[in-house]
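First up is the structure itself, then whatever we jot down about it.
What follows is calculated from the coordinates using simple rules that are stated; it is not laboratory data. All figures in this text were calculated on a predicted structure; none of them were measured in a lab. Methodologically, a virtual Cβ is constructed for each residue, glycine included, from the backbone with ideal geometry; neighbour enumeration extends over all protein chains shown.
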Amino acid sequence: MEFVLRMTPHVRFGRGAVRDLPEGVRELGGSRVLVVSDRGVQKAGITDRLVEMLESEGLDVFVFSDVVPEPPVYVGDNATQMAKDVGADIIVGVGGGSAMDVAKAVSVLVTNGGKVEDYQGVNKVPSKGLPKIVIPTTAGTGSEVTWTAVFSNPEKKTKGGINSPYLYPDLAILDPELTLSLPPLITASTGLDAFTHAIESFIGKAATPITKMFSLTAMDLIYNNITKAVLSPDDIDARENMLYGSFLAGVALSNAGVGAVHAMAYPLGAVYNIPHGAANSILLPYVMDFNKNVCVDEFRDIAYIMGEKVDMMSRWEVTSAVVNNLHLLKEAIGLDMTLSMLGVEWEKIPELAQAALRVDRPIANNPRLITKDDIIQIYEEAYGVEEDFEDEDFEEV
Ligand code: NAD
C-alpha cells in the first residue's frame, strides 16, 4: 500500500477551543495580527470577540472585514495590501471558506509579492508565507485543512483555486460553539458542501484506504446530523458532529480530490454567483445517478450509512436508494432547489458545460468518464420543470 497524507499540522478541536487563539499566535511568533473576516461573521459578534481576546494579551490587532462570499480576486489583493500597510506578521482567518481562503492567500501574497491571479493553478507559489491560523465558523468547506484558496475572476467569469502546500494553515482552531449562529439555510448548504466533499473523495479515482476512512466517517457524521443542525440550530451536539465531519471531509478532499459535482458547480458560482454549497447540493443527486454503475461497492457503503438494509438489496436497489435518499435529504433541509429557480438560463447550458470541462482535475478524478454531452444532460436534469407551464395547464383544466 502507498499513500501520502498532508494536512494542517496543528489542529485544536473542542467547545470553547477559540480561547487558545492568543497562545497559538504567540507560539507562531506573531505580534501584529491581521484578522481576516466578513460582515456576517462580524455581525454575529465573533470577530469582536477574537479582537478583544488578542488585544487583552497585548497583541496589536487589525481587521479586514471586507471579504464577500465566493470572493473575487481583488478581495484577496486588497486584504494583502492592508496586511502590508499595517506590517502584519501573522494572519488569522475567521469565517467560512471565503474568509479562510482570503487569509490563506494573503499569507503567501505578502511574502511572494504579486496578485491572486498570478498563483491560481497548482504549485505556482514559490515560497512559504506568513504564519496563518484559521478558525471556521461554517461546517462546510474544510478549508482549515486544505491546500486550496478559491477565488472568482469576475471579468473572465471563471473560478479557480490557488493550490499549494504553502497554503496549509499552521494552526486550525475548530470550536463548534462558533457555528451556533449560522442561519438554517447556510447550515444546510454548507453542510451539503461538506457531504459532497466526503462522497466525491470517497468514490473518486484518487481515493486511498486512508482517505476513504476519513470520507466514510465524515459521511456518517454529516448525514446523521445535518437535519438536526438545520432544524434545531442550538443543538450543540449536532453542531459539533457537523464541524468534525466537515473537517474530516476536508482532509479527504485535500488528499483525494473531488469530482464532477465540483467541476460543474464552479461555473455556476462564477457566472451566476450561486453559493458553492447550493450549487453542489443541486447537482449532487444527478451526478451520483450518472456515476452509480461504476462504483456499486462504494454506493453500498454509502447506503449502509444512510440506514439501508444493504445485505438484502440488489445492486440496482442500493444505487437507487442512495440517489433517492439524496433527493429526500435536500428536501428535508430546505434545499430542494433547481437551476432554473436560481436564475440559470437554459440556453447557457452548453457554455456552462464547456466551462465545467475545463475544471480539469475534478473532471479527471470523477469515477466515470464524463463528456460534454453528459454534463449538458446533467445540467438539464437539474434545471427543473417550468412551474409556469404547470400553472397554465391547471387553469385550462
Ligand atoms: P462563506 O464563507 O461564503 O459564508 C457564507 C455566509 O455565511 C457569509 O455571509 C458569512 O458571513 C456567513 N457566516 C459564516 N459563518 C457564520 C456564523 N457562524 N454565523 C453567522 N453567519 C455566518 O461560505 P462557505 O460555504 O463556508 O465558503 C464558500 C467559499 O469557500 C467559496 O468561495 C468556495 O469556493 C470556497 N471553498 C474552499 C475550499 C477550500 O478547500 N479552500 C473548499 C470548498 C469551498
Lysines whose Cα lies under 22 Å from that of K156, excluding same-chain neighbours fewer than 8 positions away: K115, K124, K348, K372
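Fully extended, how many nm does the chain gain between A206 and W316 (0.36 nm per residue separation, minus their Cα-Cα distance)?
Extending this stretch completely gives an extra 37.1 nm.
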What is the spin-label model distance, in nm, from K43 to E380 if the labels are put 7 Å beyond Cα along the C-beta direction? 4.0
How do M1, M341 rank when sorted from fewest to most other Cβ atoms within 10 Å of their own Cβ? M1, M341
Note to self: Kirkwood Rh of the chain, Cα pairs, one decimal, Å, is 21.2
Please find, in a Gaussian network model of the chain (springs between Cα atoms separated by less than 10 Å), the residue of E52, E200, E27 whose mean-square fluctuation is greatest. E27
Picking from M313, M264, M100, which is most flexible by a Gaussian network model of the chain using Cα springs under 10 Å? M313
With a 10 Å Cβ neighbour count serving as the proxy for reagent exposure, in which order, fewest first, do F290, F247, F214 appear? F290, F247, F214
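What pairs in K43/K159; K292/K330; K104/K159; K159/K205; K132/K159 have C-alpha atoms more than 25 Å from each other?
Working: K43/K159 27 Å; K292/K330 19 Å; K104/K159 17 Å; K159/K205 23 Å; K132/K159 23 Å.
Result: K43/K159 exceed 25 Å.
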Taking the chain as a Gaussian network, where each spring joins two C-alpha atoms under 10 Å apart, which residue of F13, F151, F299 fluctuates the most? F13
If the viscosity is 0.692 mPa s and the temperature 37 °C, what Stokes-Einstein diffusion coefficient in µm²/s follows for the range 1-127 when Rh is the Kirkwood radius over Cα pairs? 213
Diagonalise the Cα gyration tensor of the range 246-397 and give the resulting equivalent ellipsoid semi-axes, square root of 5 times each eigenvalue, largest first, whole Å. 26, 22, 15
How would V261, V51 line up from fewest to most surrounding beta-carbon atoms within 10 angstrom? V51, V261
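Taking the DSSP beta bridges in the chain as the whole, what percent of them are antiparallel, to the nearest 5?
Restricted to the chain, the bridges split so that about 20 percent are antiparallel.
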State, to one decimal in nm, how far the label point of S232 lies from the label point of K309, with both points 7 Å from Cα in the Cβ direction. 2.8
Treating the Cα atoms of the range 129-232 as identical point scatterers in vacuum, please give the log10 of the normalised Debye intensity I(q)/I(0) at q = 0.11, 0.21 Å⁻¹, two decimals. -0.41, -1.27
Note the full-extension length gain between V68 and F13 as 0.36 nm times their separation in residues minus their Cα-Cα distance, in nm to one decimal. 17.2 nm
Pairs of alpha-carbon atoms within less than 8 angstrom and 6+ residues apart define the contacts here; what relative contact order does the chain have, in percent? 15
Rounded to the nearest 0.05, what FRET efficiency do S56 and F3 have when you use their Cβ-Cβ distance and R0 = 35 Å? 0.20
